[in-house]
Structures are given as structure tokens and as C-alpha cells.
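What follows is a single structure, and I will ask about it in a moment.
The values are calculated or read from the model by the stated rules, or taken from the named source; none is laboratory data. From a predicted model like this one, the values you see are computed outputs, not experimental measurements. For neighbour counting, all protein chains shown are included, and Cβ atoms are generated from backbone atoms with ideal geometry for every residue, glycine included.
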Ligand SMILES: NC(=O)C1=CN([C@@H]2O[C@H](COP(=O)(O)OP(=O)(O)OC[C@H]3O[C@@H](n4cnc5c(N)ncnc54)[C@H](OP(=O)(O)O)[C@@H]3O)[C@@H](O)[C@H]2O)C=CC1
Ligand SMILES: O=C(O)CCC(=O)C(=O)O
């Protein structure tokens, strides 16, 4: 099932559980605005190459729309739509004053030089600069993008609108980025994991973990789990997987990945059997697989909660930019833990009230908050 159909299915199920008014349900399914732009750049050898870029702004009833920009060959309109919608529910689950958006360019960033990536990012920004802004839509990094990408967007946007650091988050610290943002999604995943494990009388120390993806989120989650005494027995990325039943030396693996750009051997991590699945990625589990895993008793911590640490610290970054006051990293991490723990308890309350699993607990929590804001703002033209 494609990402949009799967996301809509989860949303509709939450709307049914909540008994949502059908007009509000319909309006929440349709994105606020979809942008598709052509981005042509000269390559380093002088030849021209064209890419398609997207920004989908899903909903702004709770505040400026917020979400990352992804550079990946599989970026397509349906996927960006689904990810934008997920951002709306995620910011509501985290209870931060934002709506949802997502963007992307269909490209293979590893095949582009740094100057080609810079040109592509600047052309994309030129095409969307009128539609983003500190109080309208605030991009951030996602797969294939990073702090440097945000610095280029900030610079290009500022040429049109004046210096505006709060127009993007996940920036380099030197340009007003927040301490702790780079690690925040992985760290939030660990706080979420601790919250669900505590419920089952367990803790990270001594448990075994398998991690799919070893980029920003996966590698920070692995590092922090390792530091807390968890045994990471399998890690995989696009180049393959490493497995060690006695526990992988994560600092050594991070060093190896930094030096070579890939994980060591090629092995299949499929035989790993998990009792808990923590969705650090967006939309990693198809609804059919979700049902099968649920029936098998696997506890799944859904993406719109598990990876909300990134956007939560993006919110702290935006607040710091607006206040013109930088927080210590301890304050960032302390607040992140507070938000993640509170969201977990709010989700559990929804699970109890509606007798549903954690995914529907999170969806009903997010959808209900957005629906309330939508109704309060009203419909008069
Ligand atoms: N960055 C953030 O703050 C947030 C990210 N997320 C989500 O977390 C997930 C990971 O994002 P992030 O860590 O930022 O991205 P990165 O680009 O830093 O890392 C992505 C990882 O996924 C691997 N990968 C990419 N494509 C494939 C593929 N087709 N098959 C197998 N592995 C693949 C990459 O391998 P390789 O390095 O070899 O290319 C890399 O290990 C995404 O779903 C993203 O939307 C969610 C919330 C916030
Ligand atoms: O930090 C942000 O604003 C958004 C991060 C993101 O794209 C996500 O949570 O999926």
C-alpha cells in the first residue's frame, strides 16, 4: 500500500474512533497547499540537469506548518503528501504550536558534488521562498539533507526577505541552530523507548536492539542506547548490515562509517525477532504488517510519537531564534525528555479511553487536537 493510502487509512480509523464530524474529516484529509517546482542547475561540467521539487503544506490550524526537506531518489508527490500529513499529527501529539508540512527533491544526493547540492538547494529556495516563512512554514532537515542544506536555504531566503534565522531549523550552531538538535531525533527515540519499556518493567540496560538505518537518526539512537548499557546486536543501512550477538562496538562502527561511508559486511538482519518496534523513521510499517505484528503481541511505538524529538527541538530552536536567547544543551535535553514523557502519557490515556493500540492512541490524540483547533478557528470566509 502506498504511503498516502496507508496514512489516510490510519487517519480515517482515528476519525471513526473519535466520531469526528465528516466535514472536518474531509477538510483534514485535503492538504492546505501542494507545491511542485522544476529545478534546473548547471552541473560542475557545465551540462544542465533538471530535478522536481515538492513542498506540501498540510495543515496550519495549530500554527506555522513545520517539516523537513528530503533529498532522495524515491521522493514522489504521494509520499511527500503522506509525510506532510504525518507532520500535522506529530506536532499535535508533541503538543508544540505547529501544523504540518514536508518537502523533497527527487535526486540522489550522494551523486552530486557539494557545489551542485548548493545550487540545487538555492534554486529550490528561489522557487518556494514566497510560500515559506517564520510564521507560515518552517523547513528542517530530513533524509539526505543536513545543517549545511539549511544554511543555504537560510542564506537564499534572506536575500529576498532580510536575515531570518527562524525560517529554518536544524541549522548550524554558528547560524542560530540549537545545541542538541542534531542528536534530538535519536535522543527522543531513546526517551520514547525508555517510556514504553518502563511501562513493561524494563529498561535499556541489558536489553538487545536492532537498528535499521545508520544516518542521523539511527546513529544517534545507537550511540545513546550504547551509552545507556543497551546491547546493539544489529545495524543496517543501504550498503548492508552488521550483526554481533554479543553487542556491536558502536563507537568503533561510527568511526568506520565516518571513514569509509558504509557499514562493514553484508549480512541480512531479517532474522532479528523484536518484542518492541520503535518507529524512528517515518511510515516504516505498512498497515497490514502493523496488524500482523499487533496480533503477534509486538509492541509498536508509532512514528508520529517515536521520532517527534527532532521537531520538538526544532521548536526549541525557533523559540530561541525568536527570543534571541540561546539555551544550554542540558536545558534542551531536559525539555525534550519532558515533552516526550508527557506525550507518552497522553497517548496512553487515549489508548485507555478508546481501547486501542499505541498507533491509534497517537493518531486519536493528534487528530483530536487538530480538529479542536480547526473548529475553534471556525469557517466564516
Ligand atoms: N533527521 C531528522 O531530524 C528526522 C528524521 N526522521 C526520519 O528518520 C528517517 C531517517 O532520517 P535521517 O536519519 O535524517 O536520514 P539520513 O539521510 O541521515 O540517513 C538515512 C539512513 O537510511 C539509509 N537509507 C536510505 N535509503 C535507503 C534504502 N532505500 N534502503 C535502506 N536504507 C536506506 C541511509 O543509508 P546510507 O547512509 O548508506 O545512504 C542512512 O543510513 C527518515 O524516515 C526520516 O524521515 C524523522 C524525524 C526527524
Ligand atoms: O524538525 C522538523 O521541523 C521536522 C523534522 C521532520 O521532518 C520529521 O519529524 O519528520
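Do we find that residue 216 is free of Cβ contacts under 8 Å to residues at least 12 places away in the same chain and either in the same structural domain as residue 190 (by TED's automatic domain parsing) or more than 19 Å from the chain's Cα centre (by Cα) (or both) in this structure?
In short, no.
So which residues in segment 63-80 are closer than 29 Å to residue 377 by Cα and either assigned by TED's automatic domain parsing to the domain that holds residue 215 or surrounded by 24 or more Cβ atoms within 10 Å (Cβ to Cβ) (or both), if there are any at all?
The answer is 65, 66, 67, 68, 69, 80.
May I pose another question? So, in segment 171-183, of the ones that are outside any helix (DSSP H, G or I) and within 16 Å of ligand 1 (Cβ to nearest atom), which residue ends up surrounded by the fewest Cβ atoms within 10 Å (Cβ to Cβ)? Outline the logic, then answer.
Of the residues in segment 171-183, the ones outside any helix (DSSP H, G or I) are 171-172, 176-180.
Cutting the leftovers down to within 16 Å of ligand 1 (Cβ to nearest atom) gives us 171-172, 177-180.
Working: 171: 26, 172: 15, 177: 25, 178: 24, 179: 20, 180: 23.
It comes out as 172.
Okay, moving on. Select from segment 126-170 the residues that are away from ligand 2 (no atom under 16 Å from the Cβ) and assigned to a helix (DSSP H, G or I) and list them in ascending order.
Those that are away from ligand 2 (no atom under 16 Å from the Cβ) and assigned to a helix (DSSP H, G or I): 126, 127, 152, 155, 156, 158, 159, 160, 161.
Could you run through segment 70-82 and say how many residues are in contact with a helix residue (DSSP H, G or I) (Cβ under 7 Å, 6 or more places away or on another chain) and either within 13 Å of ligand 1 (Cβ to nearest atom) or free of Cβ contacts under 8 Å to residues at least 24 places away in the same chain (or both)?
Filtering segment 70-82 for residues in contact with a helix residue (DSSP H, G or I) (Cβ under 7 Å, 6 or more places away or on another chain) gives 71, 78-79, 81-82.
Still in the list and also either within 13 Å of ligand 1 (Cβ to nearest atom) or free of Cβ contacts under 8 Å to residues at least 24 places away in the same chain (or both): 71, 79, 82.
So the count comes out to 3.
Here's something else I'd like to know. Looking at (1) in a loop (DSSP other than H, G, I, E, B); (2) surrounded by fewer than 21 Cβ atoms within 10 Å (Cβ to Cβ); (3) not assigned by TED's automatic domain parsing to the domain that holds residue 149, which is the only condition residue 252 fails?
(1)
Out of curiosity, is residue 95 buried (at least 20 other Cβ atoms within 10 Å of the Cβ), under 30 Å from residue 337 (Cβ atoms) and not assigned by TED's automatic domain parsing to the domain that holds residue 288? Quick ask: steps written out before the conclusion?
Numbers: buried (at least 20 other Cβ atoms within 10 Å of the Cβ): no; under 30 Å from residue 337 (Cβ atoms): yes; not assigned by TED's automatic domain parsing to the domain that holds residue 288: yes.
In short, no.
Given the conditions (1) within 16 Å of ligand 1 (Cβ to nearest atom); (2) assigned to a helix (DSSP H, G or I), and given that residue 194 satisfies all but one, which numbered condition is not satisfied?
With (1) within 16 Å of ligand 1 (Cβ to nearest atom); (2) assigned to a helix (DSSP H, G or I) applied to residue 194, the lone miss is (1).
Determine whether segment 302-316 contains at least one residue that is surrounded by fewer than 20 Cβ atoms within 10 Å (Cβ to Cβ) and assigned to a helix (DSSP H, G or I).
Filtering segment 302-316 down to residues surrounded by fewer than 20 Cβ atoms within 10 Å (Cβ to Cβ) leaves none.
Scanning segment 302-316, I find no residue that is surrounded by fewer than 20 Cβ atoms within 10 Å (Cβ to Cβ) and assigned to a helix (DSSP H, G or I), so the answer is no.
Shifting gears a bit: Give 294, 276, 325 a once-over and let me know the one that is away from ligand 1 (no atom under 16 Å from the Cβ), in contact with a strand residue (DSSP E or B) (Cβ under 8 Å, 6 or more places away or on another chain) and at pLDDT 95 or above.
On the way: 294 fails: at pLDDT 95 or above; 325 fails: in contact with a strand residue (DSSP E or B) (Cβ under 8 Å, 6 or more places away or on another chain).
276 is the lone residue from the list that is away from ligand 1 (no atom under 16 Å from the Cβ), in contact with a strand residue (DSSP E or B) (Cβ under 8 Å, 6 or more places away or on another chain) and at pLDDT 95 or above.
Being within 16 Å of ligand 1 (Cβ to nearest atom) and either closer than 12 Å to residue 128 by Cβ or over 18 Å from the mean Cα position of the chain (by Cα) (or both) is the filter here, so list the residues in segment 27-64 that pass it.
Residues of segment 27-64 within 16 Å of ligand 1 (Cβ to nearest atom): 54-56, 58.
Residues satisfying the conditions are 54, 55, 56.
Also, I was wondering about something else. Looking at 210, 241, 234, which one is in a strand (DSSP E or B), assigned by TED's automatic domain parsing to the domain that holds residue 188 and surrounded by fewer than 21 Cβ atoms within 10 Å (Cβ to Cβ)?
On the way: 241 fails: surrounded by fewer than 21 Cβ atoms within 10 Å (Cβ to Cβ); 234 fails: surrounded by fewer than 21 Cβ atoms within 10 Å (Cβ to Cβ).
Every option except 210 fails the conditions.
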